[in-house]
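For reference, the structure is listed below as structure tokens.
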Amino acid sequence: MDKIKPISADINFQYSCPHCDNTFWLSFAETKTENYIAVCDVCQKPSSPTLIKNIKVIFDNSHKTQEESQDAEEETKMPKDIYDTCVNSLMQYGYTNKEAKSLVASVDDPYVWHDPVQIIKECLSKTNV
Ligand SMILES: [Zn+2]
């Protein structure tokens, strides 16, 4: 059977109002937004969620044979053609082949792996830190 992995996610978090105990939901996008203010529907008081930086998805490979799980590990890596495109683009920005490879390999968010532009943006933002 074809194994599939998600290409996008819709994740929500439930919170409890510190003033009246009303519960409400915030999306992952909202909880990633700096200075996001949630206003309680019941008491109208504002509160601000602790920022959530990232969520890690761990796939269950436990019931595969060793050979299969090695294949699965290969699958989770960035597609080779996109990897090569990104390495080449970074070299045009003046990085050495080695620097470019390690930068591209450090992009560990599978949700951007189909998008070389996003990968390069992330690589460049890492070097500005
Ligand atoms: Zn409230």
Which of the residues that make up region 4-60 are over 18 Å from the mean Cα position of the chain (by Cα), in contact (Cβ under 8 Å) with a residue 24 or more places away in the chain and part of a loop (DSSP other than H, G, I, E, B)? Cys17, Pro18, His19, Cys20, Val42, Cys43, Lys45, Pro49
Is region 24-32 home to any residue that is modelled with pLDDT under 95 and loosely packed, with under 11 Cβ neighbours inside 10 Å? no
Going through region 61-76 in order, the residues found to be part of a loop (DSSP other than H, G, I, E, B) and either modelled with pLDDT of 75 or more or exposed (fewer than 11 other Cβ atoms within 10 Å of the Cβ) (or both) are Asn61, Ser62, His63, Thr65
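The values are calculated or read from the model by the stated rules, or taken from the named source; none is laboratory data. Just so it is clear, the model here is predicted, and its values are computed rather than measured. Positions of Cβ are backbone-derived with ideal geometry, glycine not excepted, and every protein chain shown enters the neighbour counts.
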